[in-house]
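Remarks on the structure that follows.
A short reminder: the numbers here are calculations on the coordinates, not readings from a lab. Predicted model only: the values in this text are computed from it and were never measured.
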């Protein structure tokens, strides 16, 4: 009997930026005793289009990302529980730099805002990280974004280990939109 080996572990990621006019994406939805904000709804509840009568159009931008080289070492160190690596991915950041992303990146080109990840979920082999930023927190011409982790990651710019970096083009410099950044990582 011959055993065929074709086992492999691959990490692929994609991102989604959802923009809603101020206030239209945070209606309170009651579910049992829990109160959820609409931007925190499980994936099947999210949609593209109009959010109801007299509401503004929802803008959705999506794309693939680059998982940087340092992220591969980060995953390995988390798997063997190396000190400081057990905190996982904790922050998402946006920036105004438009330099092409590269596997050797260790930070965003020009980080302008960062926030702790709002919700995390795991469905079989897919991890979804969502971060909600109000218009006041994201009033920039957004050109790039990324995900950070490690025990050294904090609310301060350029801290922690960069896991993923991507370019996005969304001008919110007028502060008209609340945005949600979803990062979806597929393992397998």
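Of the beta bridges DSSP finds with both residues in region 80-149, what % are antiparallel, to the nearest 5?
So the antiparallel bridges amount to about 100 percent of the total.
Just the projected area, averaged over all directions, of the convex hull on the alpha carbon atoms of region 83-123: how many nm²?
Directional mean of the projected Cα hull area for region 83-123 stands at 4.5 nm².
At 25 °C and a viscosity of 0.890 mPa s, what translational diffusion coefficient does Stokes-Einstein give for region 59-161, taking Rh as the Kirkwood radius over Cα pairs? Give it in µm²/s as a whole number.
Answer from the Stokes-Einstein relation: 169 µm²/s.
Taking a ≥ b ≥ c as the square roots of the eigenvalues of the Cα gyration tensor of region 63-106, is the shape rounded (a/c under 1.5), prolate (a/b larger than b/c) or oblate?
prolate
Take the Cα atoms of region 107-152, find their three principal axes, and give me the spread along each one in whole Å, biggest first.
Principal-axis extents of region 107-152 (Cα, largest first): 35, 23, 19 Å.
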